Amino acid sequence: MTPATLDPALSASKDERRVTRVRPELVTVLSTFALSALLIVASRFVSPALGSWGQAATVVSLSSFLIVAAFGQGLVILVGGLDLSVASLITLSAVLCTTWVGPEAGAAGILLIPAILVVCALIGAVSGLGITVLGIPPFIMTMATGIIVAAGALGYTSGTPRGSAPAPLLALMKGEVAGIPLLLIFTAAFVIAAAVLQQATGFGRRLYAVGASARAAFVAGVPVTRTVVAAYMLSATASGVAGLMLVGYSDGATLRMGDSYLLPTIAAVVVGGSSILGGSGSFVATVGGAVLLTTLGTVIAALGIGQGWRTVIEGSIILIALLLLRENTFARIRSWFPR
Amino acid sequence: MTTQVASLPPSAASPDRLVRLVASGAVIVTILYLILYGLYALWEPSALTAYTFGSLVNNTAPLAIAAAGETLVILARGFDLSVAGVISLTNVVMASYPVDGPGGALLSLMLCMAVGGIVGAVNGYLVAVLRLQTIAATLGTMIICQGLSLVILDAPGGVVSDFVADTLTDTLFGFVPVSGLIVAAVVGAWLMLRRTDLGVALYTIGTDEAAAALSGVRVARTRFLAFVAAGMVYGIAGFMLTAQTVTGNPNSGSPFLMLTFAAVALGGTSLSGGRGGLVGSIMGAALLMLLQKVLFSGGVSSFYTGIFQGAVLVLAIVFSRALTHLLERSRA
């Protein structure tokens, strides 16, 4: 009974399946981007100033922070965890950037920017080690590091962060190359690099393996501890990058800078169709979720209604998106395509 | 013999039960609380007066009750982020529609519990019937509640009835804080609930949902009721917070989100469901608030409170795990 004696019909039927199969991730990605595009076009009815290419570019710039932070959140959720320290790390890196580096930084000062990211990565490593080695649940461990880091940032600045953004960061966030905003190029490069890391490398495959079943991955020879710790380090670093981008964008830091990003990172990952329990999902879908959420935010902001109703609509949309993107919705869409 | 669902220990005094009791979060966190209170009394002799204790209980009550509600959902293996939304919402409702007198206070309490119960029913429907992930669904309802709070009261302000503000922060007979009695009432209700079918079902769902369903536990119904009950308890927490702050603030619930989960975890309830209880969560909340007070009286800048809260959270869990491990090993 060698594989060569297998009935050829078996392999033939497998090929046929591949041709007609619609992958759920693809449906999610397409529907989130299509919804975003539709919203931008439809927003022309709200205000004639909207619905232009300019607005689309603004949405992408605004969603860049969420995209970067949600990448880290997505990796952690992929390995079956959750990172509640995102907000604190965004704030920490922003505060460190304005106080350590500052607007008059020379070449030596710029070298401190990687140092800030190293600090973030080390904090991520602490979270990861607490979870893997000490066996503390991710929810609690990252909440604890988040509370500690937030208090550290508060104490370090005595409540009022000083300083403003270093010139290179301002240039990155506000500059243009041949009419294209540098931020767009940076975000595109980030998305490609991140998607390749998660979808097309050995490390990425190990993340999926650990998320699907840590025990099975361990038996198969995956270094589980190292992979999980790396996911938390990458998440902390991504939050740090988002913090630096926010400093460049708003030319300063505040202690509440990261607060409005924690829950949206989780929402972007979930709206992108990833299971909150880990083991499934793709970064491109998360990007779709982040863009969709930001588009909604800007369109709703343009409606000219109060903050309260705007928030109500945002919350309702998260629920509607969740209901539409449920598993059985995919099953229904798939059933439209004949096998 | 074979029909027994939960495996009960053979006798009350068996070593199994003793080990479990000593290593249970509620006992550990209570011991930590007493130690910390002793330190506080050494530092600040006024700590032993009825006034200081009363004001500490008053400060603790909203968080303790919120954590108690959250425990119901966590035991059935879920997370409820709407706690922050319900507290904000009930707070602004009370500050916008104050009703005077004892009857008014009762009416306000009913209103708060009704608001919480409705939010809980929405959560329960989304999770138990439509089968959404709990974190994601309650994230949505939390944001909606925050928005509605802003619609009702767009800036801090409003009026709270004098009866609510004075009576609920008062002490009976000079030493029993009224807010403590409300917490005790919540505990009493829990102790009764725990012995009902619903209470047992909560634990079994949290331990093994598939097995619970196979043994005839109505999983969806239990989970729905857990969310409704939790929502009503958050309503009480919002009621107590309003009595405490005597003002309305559409963001008043936000600080509760993290602290509630911290209190539940400190109290030894497993965040993956099935193990723990409500009393531990209340003691966990008490420990977090006492810690704040001790640090303040010790002259530590309030900026750094979070560092200690985070450290205590991690240490309590590591300690409880290590103790369970050691006790189990010494028996073997």
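The values are calculated or read from the model by the stated rules, or taken from the named source; none is laboratory data. Just so you know, these numbers come straight off a predicted model, no measurement behind them. Heads up, the Cβs are rebuilt from the backbone with ideal geometry, glycines too, and the neighbour counts pull from every protein chain shown. We work out accessible area using only protein heavy atoms, side chains counted, and drop any ligands, DNA or RNA first. Shrake-Rupley method; radii C 1.70, N 1.55, O 1.52, S 1.80 Å.
Here is a check on your reading of the model: is A:ILE136 open to solvent by less than 20 Å² (accessible area, probe 1.4 Å), part of a loop (DSSP other than H, G, I, E, B) and within 14 Å of another protein chain (Cβ to nearest Cβ)? Steps first, answer last, please.
Values: open to solvent by less than 20 Å² (accessible area, probe 1.4 Å): yes; part of a loop (DSSP other than H, G, I, E, B): yes; within 14 Å of another protein chain (Cβ to nearest Cβ): yes.
In short, yes.
Looking at (1) farther than 26 Å from A:ALA167 by Cβ; (2) at pLDDT 90 or above, find the lone condition where A:THR237 falls short.
Among (1) farther than 26 Å from A:ALA167 by Cβ; (2) at pLDDT 90 or above, the lone unmet condition for A:THR237 is (1).
Restricting attention to the range B:207-241, which residues are among the polar types (S, T, N, Q) and touching a Leu at 6+ places or on another chain (Cβ under 9 Å)? Outline the logic, then answer.
Taking the range B:207-241 first, the residues among the polar types (S, T, N, Q) are B:207, B:215, B:222.
The one that is among the polar types (S, T, N, Q) and touching a Leu at 6+ places or on another chain (Cβ under 9 Å): B:THR222.
Being open to solvent by 40 Å² or more (accessible area, probe 1.4 Å) and of a type outside the set (D, E, K, R) is the filter here, so list the residues in the range B:161-175 that pass it.
We begin by selecting, within the range B:161-175, every residue open to solvent by 40 Å² or more (accessible area, probe 1.4 Å); these are B:162-163, B:166-167, B:169-175.
Within the range B:161-175, B:PHE163, B:THR167, B:THR169, B:THR171, B:LEU172, B:PHE173, B:GLY174, B:PHE175 meet the criteria.
Given the options A:SER93, A:SER63, A:SER88, name the one that is under 17 Å from A:GLY272 (Cα atoms), among the hydroxyl-bearing types (Ser, Thr, Tyr) and open to solvent by less than 20 Å² (accessible area, probe 1.4 Å).
Working: A:SER93 fails: under 17 Å from A:GLY272 (Cα atoms); A:SER88 fails: under 17 Å from A:GLY272 (Cα atoms).
Being under 17 Å from A:GLY272 (Cα atoms), among the hydroxyl-bearing types (Ser, Thr, Tyr) and open to solvent by less than 20 Å² (accessible area, probe 1.4 Å) holds for just one of A:SER93, A:SER63, A:SER88, which is A:SER63.
hydroxyl-bearing (Ser, Thr, Tyr) and open to solvent by 50 Å² or more (accessible area, probe 1.4 Å): which single residue out of B:THR207, B:THR269 fits that description?
Working: B:THR269 fails: open to solvent by 50 Å² or more (accessible area, probe 1.4 Å).
Sole residue among the options that is hydroxyl-bearing (Ser, Thr, Tyr) and open to solvent by 50 Å² or more (accessible area, probe 1.4 Å): B:THR207.
Let me confirm something: among A:THR160, A:THR142, which residue is outside any helix (DSSP H, G or I), farther than 14 Å from A:VAL247 by Cβ and more than 7 Å from chain B (Cβ to nearest Cβ)?
Numbers: A:THR142 fails: outside any helix (DSSP H, G or I).
Just one listed residue meets the conditions, A:THR160.
Within the range B:109-122, identify whether any single residue is surrounded by 20 or more Cβ atoms within 10 Å (Cβ to Cβ), closer than 21 Å to A:ARG310 by Cα and more than 14 Å from every other protein chain (Cβ to nearest Cβ), and answer yes or no.
Within the range B:109-122, one or more residues are surrounded by 20 or more Cβ atoms within 10 Å (Cβ to Cβ), closer than 21 Å to A:ARG310 by Cα and more than 14 Å from every other protein chain (Cβ to nearest Cβ).
Being hydrophobic (A, V, I, L, M, F, W, C) and free of Cβ contacts under 8 Å to residues at least 40 places away in the same chain is the filter here; which residues of the range A:297-320 pass it? Working first, answer last.
So the first thing to find is which residues in the range A:297-320 are hydrophobic (A, V, I, L, M, F, W, C), and the list is A:299-303, A:305, A:309, A:312-313, A:317-320.
Hits for the range A:297-320 are A:ILE300, A:ALA301, A:ILE305, A:TRP309, A:VAL312, A:ILE313, A:ILE317, A:LEU319, A:ILE320.
Can you tell me how many residues within the range A:173-189 are open to solvent by less than 40 Å² (accessible area, probe 1.4 Å) and either in a helix (DSSP H, G or I) or touching a Cys at 6+ places or on another chain (Cβ under 8 Å) (or both)?
3
Can you pull out the residues in the range B:126-172 that are at the interface with chain A (Cβ under 7 Å from one of its Cβ atoms) and not in a helix (DSSP H, G or I)?
B:LEU130, B:LEU132, B:GLN133, B:ASP154, listed by residue number.
Among the residues of the range B:73-87, is any free of Cβ contacts under 8 Å to residues at least 40 places away in the same chain, farther than 20 Å from B:GLY188 by Cα, open to solvent by 50 Å² or more (accessible area, probe 1.4 Å) and of a type outside the set (Val, Ile, Thr)? Steps first, answer last, please.
Our first condition is that a residue be free of Cβ contacts under 8 Å to residues at least 40 places away in the same chain; within the range B:73-87, this holds for none.
Looking for residues that are free of Cβ contacts under 8 Å to residues at least 40 places away in the same chain, farther than 20 Å from B:GLY188 by Cα, open to solvent by 50 Å² or more (accessible area, probe 1.4 Å) and of a type outside the set (Val, Ile, Thr), one finds none in the range B:73-87, hence no.
Listed here are the residues, each with its yes/no results for (1) touching a Pro at 6+ places or on another chain (Cβ under 9 Å); (2) hydroxyl-bearing (Ser, Thr, Tyr).
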{"position": "A:LEU170", "(1), (2)": "yes, no"}
{"position": "A:ALA178", "(1), (2)": "no, no"}
{"position": "A:LEU182", "(1), (2)": "no, no"}
{"position": "A:ALA188", "(1), (2)": "no, no"}
{"position": "A:GLY202", "(1), (2)": "no, no"}
{"position": "A:VAL229", "(1), (2)": "no, no"}
{"position": "A:SER239", "(1), (2)": "no, yes"}
{"position": "A:SER250", "(1), (2)": "no, yes"}
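Within the range A:254-265, track down each residue that is modelled with pLDDT under 85, of a type in the set (Gly, Ala, Ser) and surrounded by 17 or more Cβ atoms within 10 Å (Cβ to Cβ).
Residues satisfying the conditions do not exist here.
What are the residues in the range A:64-105 that are within 14 Å of chain B (Cβ to nearest Cβ), assigned to a loop (DSSP other than H, G, I, E, B) and in contact with a Leu (Cβ under 8 Å, 6 or more places away or on another chain), if any?
Of everything in the range A:64-105, those that are within 14 Å of chain B (Cβ to nearest Cβ), assigned to a loop (DSSP other than H, G, I, E, B) and in contact with a Leu (Cβ under 8 Å, 6 or more places away or on another chain) turn out to be A:GLY80, A:LEU84.
For the range A:120-130, which residues satisfy the criterion of being open to solvent by 10 Å² or more (accessible area, probe 1.4 Å), in contact (Cβ under 8 Å) with a residue 60 or more places away in the chain and within 11 Å of chain B (Cβ to nearest Cβ)?
Of everything in the range A:120-130, nothing turns out to be open to solvent by 10 Å² or more (accessible area, probe 1.4 Å), in contact (Cβ under 8 Å) with a residue 60 or more places away in the chain and within 11 Å of chain B (Cβ to nearest Cβ).
Would you mention how many residues in the range B:275-323 are more than 13 Å from chain A (Cβ to nearest Cβ), crowded, with 19+ Cβ neighbours inside 10 Å and not in a helix (DSSP H, G or I)?
1
Considering only the range B:51-71, state which residues are among the hydrophobic types (A, V, I, L, M, F, W, C) and open to solvent by 10 Å² or more (accessible area, probe 1.4 Å). Spell out the reasoning first.
Let us first name the residues in the range B:51-71 that are among the hydrophobic types (A, V, I, L, M, F, W, C), namely B:53, B:56-57, B:61, B:63-68.
Those that are among the hydrophobic types (A, V, I, L, M, F, W, C) and open to solvent by 10 Å² or more (accessible area, probe 1.4 Å): B:PHE53, B:VAL57.
Does A:VAL149 meet the test of being within 11 Å of chain B (Cβ to nearest Cβ) and either in contact (Cβ under 8 Å) with a residue 40 or more places away in the chain or not in a helix (DSSP H, G or I) (or both)? Show your work before the answer.
Details: within 11 Å of chain B (Cβ to nearest Cβ): yes; either in contact (Cβ under 8 Å) with a residue 40 or more places away in the chain or not in a helix (DSSP H, G or I) (or both): yes.
It is true that A:VAL149 is within 11 Å of chain B (Cβ to nearest Cβ) and either in contact (Cβ under 8 Å) with a residue 40 or more places away in the chain or not in a helix (DSSP H, G or I) (or both).
Only residues that are open to solvent by 10 Å² or more (accessible area, probe 1.4 Å) and within 12 Å of chain A (Cβ to nearest Cβ): list them for the range B:256-265, please.
Filtering the range B:256-265 for residues open to solvent by 10 Å² or more (accessible area, probe 1.4 Å) gives B:256-259.
Answer for the range B:256-265, where residues must be open to solvent by 10 Å² or more (accessible area, probe 1.4 Å) and within 12 Å of chain A (Cβ to nearest Cβ): B:LEU257, B:MET258, B:LEU259.
Hey, any hits in the range B:249-264 for a residue that's hydroxyl-bearing (Ser, Thr, Tyr), closer than 30 Å to B:TYR97 by Cβ and assigned to a helix (DSSP H, G or I)?
First pass over the range B:249-264, keeping only residues hydroxyl-bearing (Ser, Thr, Tyr): B:252, B:254, B:260.
Those left that are additionally closer than 30 Å to B:TYR97 by Cβ: B:252, B:254, B:260.
Still in the running and assigned to a helix (DSSP H, G or I): B:260.
Within the range B:249-264 (the criterion being hydroxyl-bearing (Ser, Thr, Tyr), closer than 30 Å to B:TYR97 by Cβ and assigned to a helix (DSSP H, G or I)), the answer is yes, since at least one residue qualifies.
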